[in-house]
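What follows draws every value from the coordinates through simple rules; no lab data is involved. The model shown is predicted, which means the values in this text are computed figures rather than measured ones. With ideal geometry, Cβ positions are generated from the backbone for all residues, glycine too; neighbour counts draw on all protein chains shown.
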Amino acid sequence: MVANNYHNGSFWFDSLDEPPDPSLPDALPDAVDVAIVGAGFTGLWTAYYLSQQTPDLDIAVFEANTVGFGASGRNGGWCLGTSNGLESMLDNPKRRDAGLAIAKAMFDTVDEVGRVCQAENIDAHFAKGGSLKIATLPFQVDALQQHVKHMRTLGFDADDYRWLDAQESQQRIGMTPNHGAVYFRHCASLHPARLVRGLADVVRRRGVHIYERTPISAIEPNIVHGPGGPIRADRVVRATEGYTDSIKGQRRLMLPLYSIMVATEPLPDEIWESIGLRQRETFGDPRRVVIYGQRTLDGRLAFGGRAGYYFGSRKRRTIPRDDPLVAGVEGTLRSLFPILDGYRITHGWGGFMGVPRHRRPSVNFDQSTGLGWAGGYTGEGVAASNLAGRIMADLVAERRTEITELAWVGDAPRKWELEPLRFLGAKSIQWFGNRADHEEFQTGKPAGFWGRMFNTFVG
Ligand SMILES: Cc1cc2nc3c(=O)[nH]c(=O)nc-3n(C[C@H](O)[C@H](O)[C@H](O)COP(=O)(O)OP(=O)(O)OC[C@H]3O[C@@H](n4cnc5c(N)ncnc54)[C@H](O)[C@@H]3O)c2cc1C
């Protein structure tokens, strides 16, 4: 029997139809056409599109734990049609066209994920209900309305971004306070573990072999180093995001940043009458230390918040329910929804995402060495990993398409600083963000100094 330290601690893993135990390791191959390292969304979307377009390829996915063990099986389930770094591209006249191309591709990506779920019979509880960014302080109303206007001037329409006044917003979501919200249409709620495990089943049926409990220690052109020695591969794709430093020589490419989630017990109908979210809209607010929530198909509130970074990029396999970080996120949830008083939090967990130095996704493939990697979604990877996987499949197959022209391609970041600078930088940003948010909640006014410090570091 397989020891259960392959459970990632999430509600999502707990609520699968079958326990997420890894299969027993098979004998590893000597050689494959394409080796993919990591069985999260990035690796599996790459395998999905490659195996669809080039069925003869011998594709192997090597996964250190079990399918979906990483961020893909523990996240907030926002399949969000935008990506990190996009707004600063749109704000820069020189990069605006490139940004608009990514924006359009990301809108389409949400529909593409829904389409694949339907076509492949993956019951990932996909519901495209849009997303609400709620003004929890009165002064945020103006800033959010300005944002909607700004998006209109860039060519987006009322169907994409819409301002809901306080009354409309409160009808959508009974969160307190609620002074109005931006409604963004291009977002779906989903059950991430059902999606990632469902995708694995689909690619397995197509002949892709997924080797679980198979850590890869090093990658070089035409070779991946597995537990039993080298495996030859014409092309190698690394899809390890926040875990990238597990590969030799890749220590400073991604900073593992923690996020923590909780899920309530299933809530009765009368509670949902008050909370709303009838279309299963996802929700958050403009605070700097991000929060995010969704109504699950089985009637729970799943809710999360960003947590931070550990010195030396230390990684915790799982975050237990009784961790103080979980209590912090539970406290935020209860303050926004006092109606939850008396209802239990049944799950608390956490995980980390990969943050590259420039904090935006990229897809990289070097035809001369056959080596590629994708990731760096910085907490917005559920939809973005689908687009990245499609791009990667085209690059690996040497197909030039509209999406291989997107600005993500070849936009590799520089490395993170050595410690202790990395730790000091990450902690300062977190501290400035917390300070600025706290000041705004205390005073009801925009944070001055701490807000500016945060903006200077984060942009
Ligand atoms: C708590 C939390 C909430 C989030 N919420 C959202 C959200 O609501 N919406 C959103 O868009 N994004 C969200 N994200 C981010 C999103 O989950 C990730 O961006 C996305 O899942 C990354 O997918 P991936 O396949 O690139 O990486 P991962 O899912 O992390 O997969 C990497 C895989 O590689 C394996 N691996 C690592 N090292 C090796 C090795 N050496 N050899 C073999 N295998 C290896 C790991 O075990 C893992 O399974 C959240 C993340 C977290 C942690």
Length-normalised contact order of the chain in % [C-alpha pairs under 8 Å, at least 6 apart]: 22
Rounded to the nearest Å, what's the spacing between the alpha carbon centres of the range 183-244 and the range 262-337? Just the number, please. 27
Would you please give the residues with an amide H less than 5 Å from that of G375, counting only those at least 5 places away or on a separate chain, with H modeled from the backbone geometry? S362
Please state, as a whole number in µm²/s, the translational diffusion coefficient that the Stokes-Einstein equation yields for the chain at 4 °C and 1.567 mPa s, with Rh defined as the Kirkwood radius across alpha carbon pairs. 58
For the range 146-152, Karplus couplings with θ = phi - 60° (6.51, -1.76, 1.60), whole Hz, Gly/Pro x: 4, 5, 4, 4, 4, 5, 4
Rg to Rh for the range 185-286: what is it, with Cα atoms only and Rh by Kirkwood? 1.11
Taking the Cα centre of the chain as the origin and placing charges on Cβ (Lys, Arg +1; Asp, Glu -1), which of G348, N434, G198 is farthest toward the positive end of the dipole? N434
Magnitude of the Cβ-charge dipole of the chain, K/R +1 and D/E -1, about the Cα centre, nearest 20 debye? 1320
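Find, to one decimal place in angstroms, the Kirkwood hydrodynamic radius of the range 131-185, where the mean of 1/r is taken over every pair of different Cα atoms and then inverted. Display every interim value, and only then the final one.
Working: mean 1/r = 0.0911 Å⁻¹.
For the range 131-185, the Kirkwood estimate is 11.0 Å.
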Compute the FRET efficiency between H438 and D58 as 1/(1 + (r/R0)^6), taking r as their Cβ-Cβ distance and R0 = 51 Å, and round to the nearest 0.05. 0.40
Cα centroid separation - the range 96-114 against the range 5-52, whole Å: 26
The answer for S23, listing residues at least 5 apart or on another chain whose modeled amide H is closer than 5 Å to its amide H, is E212
Rounded to the nearest 20 Debye, what is the dipole magnitude of the range 92-150 about its Cα centre when Lys and Arg each give +1 and Asp and Glu each give -1 at the C-beta? 400
Among the lysines, which fall within straight-line cross-link reach of K445, defined as a Cα-Cα distance under 26 Å, with same-chain neighbours fewer than 8 residues apart omitted? K133, K149, K427
Positive end of the dipole of the range 61-128, charges at C-beta (+1 Lys, Arg; -1 Asp, Glu), about the Cα centre: which of T82, C117, P93 has its Cα farthest in that direction? P93
What list of ³J(HN,Hα) couplings, whole Hz, do you get for the range 245-250 from phi and the Karplus terms 6.51, -1.76, 1.60, once you set θ to phi - 60° and write x for glycine and proline? 6, 6, 9, 3, x, 10
State the answer as a single residue: which of F454, P177, F365 lies farthest towards the positive end of the charge dipole of the chain, with beta carbon charges of +1 for Lys and Arg and -1 for Asp and Glu, about the Cα centre. F454
Convex hull of the range 44-189 built on C-alpha atoms - directionally averaged projected area, nm²: 11.6
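As an exercise, use a Förster radius of 30 Å and the Cβ-Cβ distance of R251 and D111 to find the FRET efficiency, rounded to the nearest 0.05. Can you show the working numbers first?
On the way: r = 38 Å, r/R0 = 1.25.
For R0 = 30 Å, the calculated efficiency reads 0.20.
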Go ahead and estimate [θ] at 222 nm for the chain from helices alone: -39,500 (n - 2.57) per DSSP H run with n ≥ 4, summed, over the residue count, rounded to 500. -10000 deg cm²/dmol
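Please work out the Cα convex hull volume for the range 411-459 and give it in Å³ per residue.
Hull volume normalised by residue count: 77 Å³.
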Square roots of five times the Cα gyration tensor eigenvalues for the range 344-459, Å: 35, 18, 15
Which ³J(HN,Hα) values, rounded to whole Hz and listed in residue order, are derived for the range 129-144 from phi using the Karplus coefficients 6.51, -1.76 and 1.60 in 6.51 cos²θ - 1.76 cosθ + 1.60 with θ = phi - 60°, glycine and proline given as x? x, x, 9, 10, 10, 9, 6, 9, 10, x, 5, 6, 4, 4, 4, 6
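So how strong a dipole does the range 234-284 carry about its Cα centre when Lys and Arg Cβ are +1 and Asp and Glu Cβ are -1, to the nearest 20 debye?
Values: 7 positive and 8 negative charges, 138 e Å.
Dipole size: approximately 660 debye.
What fraction of the DSSP beta bridges in the chain is antiparallel, stated in percent and rounded to the nearest 5?
Looking only at bridges with both residues in the chain, the antiparallel portion is about 70 percent.
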When the convex hull of the Cα atoms of the range 204-347 is projected onto a plane and the area is averaged over all directions, what value comes out in nm²? 12.5
